[in-house]
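Report on one structure; see the data block that follows.
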Ligand SMILES: N[C@@H](CCC(=O)N[C@@H](CS)C(=O)NCC(=O)O)C(=O)O
């Protein structure tokens, strides 16, 4: 029997979806094939020193296994490791296309944190302040401040606490002139995200992202789009409704649309068993 491994997962995370889709695809079962450690992002459990020792980036997912010299800390690598147990099924037919898709979806300029945390005007900022993201950022800040006090020389905590505080302090402040730079930056970032989604449209092969069967290209893209739709306040059961995400982006890029190939691709992947198990609702 293959070795049992451990996954570090979080119900609040986008990128764990890559790993969870792969586990479903391969028919691997929690507690039988692997153990699950749930990491709460909203209380900053990913910043615990014990977790940083596993994943120095303080991100989820991670995967450890007796045969691995060190933990896997990138969702794309985790998918490949899971796929390599037994017959590989997630290798893309068109590897060059798949690589372009993975590079795009994982690029910092496509980070869905833009949708979750940022604002383009006072109305959006007020609404963010009233949303659950406020408590999320505060929960992280509390944990980071605590860890920084305990480990004042630790470069990870110095930079993470400062990075999180930059946005948290804008949530703490009265909405006013100090938010103007954020609005401008956010507008520019939506323009870049719109171009990225146009690029995705041009890259999708159909019926699946990199050819005629499901591959890592699909599994690295599904979690991004689901999280972006959730962040745009799409009703979580409206898995096929791109309206709210389009409207959000159209505020910056008025003629923006999720393209027909992307829509057709999404409808195809949504019919797969792994998608239905991992994304019964948007998250
Ligand atoms: N490149 C990494 C990104 C992982 C990542 O950013 N995960 C997010 C959750 S979706 C996270 O853990 N964020 C915590 C933080 O940045 O503090 C991967 O693909 O695994």
>> Return the residues of the stretch 41-58 that are in a helix (DSSP H, G or I) and either more than 8 Å from the ligand (Cβ to nearest atom) or exposed (fewer than 15 other Cβ atoms within 10 Å of the Cβ) (or both); say none if nothing qualifies.
In response: 45, 49, 50, 51, 52, 53, 54
> Checking residue 90 against (1) more than 30 Å from residue 191 (Cα to Cα); (2) exposed (fewer than 15 other Cβ atoms within 10 Å of the Cβ); (3) away from the ligand (no atom under 14 Å from the Cβ), which test does it fail?
Replying inline: (2)
> Filtering the stretch 1-29 down to residues that are part of a loop (DSSP other than H, G, I, E, B) and over 24 Å from residue 133 (Cβ atoms), which residue is farthest from the ligand (Cβ to nearest atom)?
Replying inline: 1
>> Considering only residues that are in a loop (DSSP other than H, G, I, E, B) and under 18 Å from the mean Cα position of the chain (by Cα), which ones fall in the stretch 100-142?
In response: 106, 107, 111, 112, 118
> Does the stretch 183-204 contain at least one residue that is modelled with pLDDT of 95 or more, assigned by TED's automatic domain parsing to the domain that holds residue 118 and not in a helix (DSSP H, G or I)?
Replying inline: yes
> Quick one: which of 78, 115 is in contact with a strand residue (DSSP E or B) (Cβ under 6 Å, 6 or more places away or on another chain) and either within 25 Å of residue 226 (Cα to Cα) or in contact (Cβ under 8 Å) with a residue 60 or more places away in the chain (or both)?
Replying inline: 78
> Pick from the stretch 22-39 the residues that are within 17 Å of residue 11 (Cβ to Cβ) and in contact (Cβ under 8 Å) with a residue 40 or more places away in the chain: which of them is surrounded by the most Cβ atoms within 10 Å (Cβ to Cβ)?
Replying inline: 23
> For residue 104, which of the numbered conditions (1) closer than 19 Å to residue 18 by Cβ; (2) in the same structural domain as residue 170 (by TED's automatic domain parsing); (3) within 12 Å of the ligand (Cβ to nearest atom) fails to hold?
Replying inline: (3)
> What about residue 69, is it surrounded by 16 or more Cβ atoms within 10 Å (Cβ to Cβ) and not assigned by TED's automatic domain parsing to the domain that holds residue 161?
Replying inline: no
>> Quick check on residue 174: is it at negative phi and either outside any helix (DSSP H, G or I) or in contact with a strand residue (DSSP E or B) (Cβ under 7 Å, 6 or more places away or on another chain) (or both)?
In response: yes
> Would you call residue 63 within 16 Å of the ligand (Cβ to nearest atom), closer than 21 Å to residue 226 by Cα and at pLDDT 95 or above?
Replying inline: no
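Among 80, 97, which is part of a helix (DSSP H, G or I) and away from the ligand (no atom under 16 Å from the Cβ)?
Sole residue among the options that is part of a helix (DSSP H, G or I) and away from the ligand (no atom under 16 Å from the Cβ): 97.
The values are calculated or read from the model by the stated rules, or taken from the named source; none is laboratory data. From a predicted model like this one, the values you see are computed outputs, not experimental measurements. Ideal geometry is used to build each Cβ from the backbone, glycine not excepted, and the neighbour counts take in all protein chains shown.
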